[in-house]
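Down below is the structure, laid out as structure tokens.
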Amino acid sequence: MNTTLTYRSGSINDLQQLKELGIAAFGTHAAVLTPDNWVLMERNLHDETRLRELIAMSDVFVCVDGELIVGMAYLVRKGNPTHVYPAYWCYVRMVSVHPEYRGNGICRQLMKQCIAKAIENGETVMALHTSEIMNDARHVYESMGFQLVKELTPVFGLRYWLFRLDI
């Protein structure tokens, strides 16, 4: 592994690498999901239409080792509500680090970039959701000041929680 990791903005030009990173990062959870739930998650990870839509409504941040994207985070701008997020919140999606690069502070650095961009964009609330199998990420979010809002309806058979950070 190259010890010179760099960070940059991502774009639609990175689509294939972003998709591959999502598959690699979330693929480590396949063993703890039921086979049916893994099929659903994997289908979502391969859906380029959904990924294109996410890129279009986000500021994308990536960590690269040379030309290889090894970490990513999407900061979805306010005005893109879902059943989880109100329209006046921005939110972070798909924070992912390649399994071979975990433990290098990549998640924390990507989150710092998301927070800085949210402040620059004039956002007032940043949110995210995370599941019971993402304890390392949850620890990072909590250490950065994200506060638990509520438990969400299970997804893929897993418990999920909504967190927010007032900025």
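Values in this text are rule-based calculations from the coordinates and carry no lab data. This one's a predicted model, so the numbers in the text were calculated from it and none came from an experiment. As a convention, Cβ positions derive from the backbone with ideal geometry for all residues, glycine included, and neighbour counts pool all protein chains shown.
Laid out as a table, the results:
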{"read-out": "For the range 91-142: Kirkwood Rh in Å [reciprocal of mean 1/r, alpha carbons]", "value": "11.9"}
{"read-out": "Set of lysines with alpha-carbon distance to residue 150 below 21 Å, sequence-local pairs under 8 removed", "value": "78"}
{"read-out": "For the range 16-75, alpha-carbon Rg over 2.2 N^0.38 Å", "value": "1.18"}
{"read-out": "Value of Rg to Rh for the range 19-116 (Rh from inverse mean 1/r over Cα pairs, i.e. Kirkwood)", "value": "0.97"}
{"read-out": "Candidates 99, 86, 35, ranked by Gaussian network fluctuation over the chain, Cα under 10 Å, top entry", "value": "35"}
{"read-out": "The range 63-155, Cα convex hull volume normalised per residue, Å³", "value": "114"}
{"read-out": "Rg(Cα) / (2.2 N^0.38 Å) computed for the chain, rounded to two decimals", "value": "0.98"}
{"read-out": "Coil-residue chymotrypsin sites (Phe, Trp or Tyr not before Pro) of the range 69-142, DSSP, other Cβ within 10 Å capped at 14", "value": "88"}
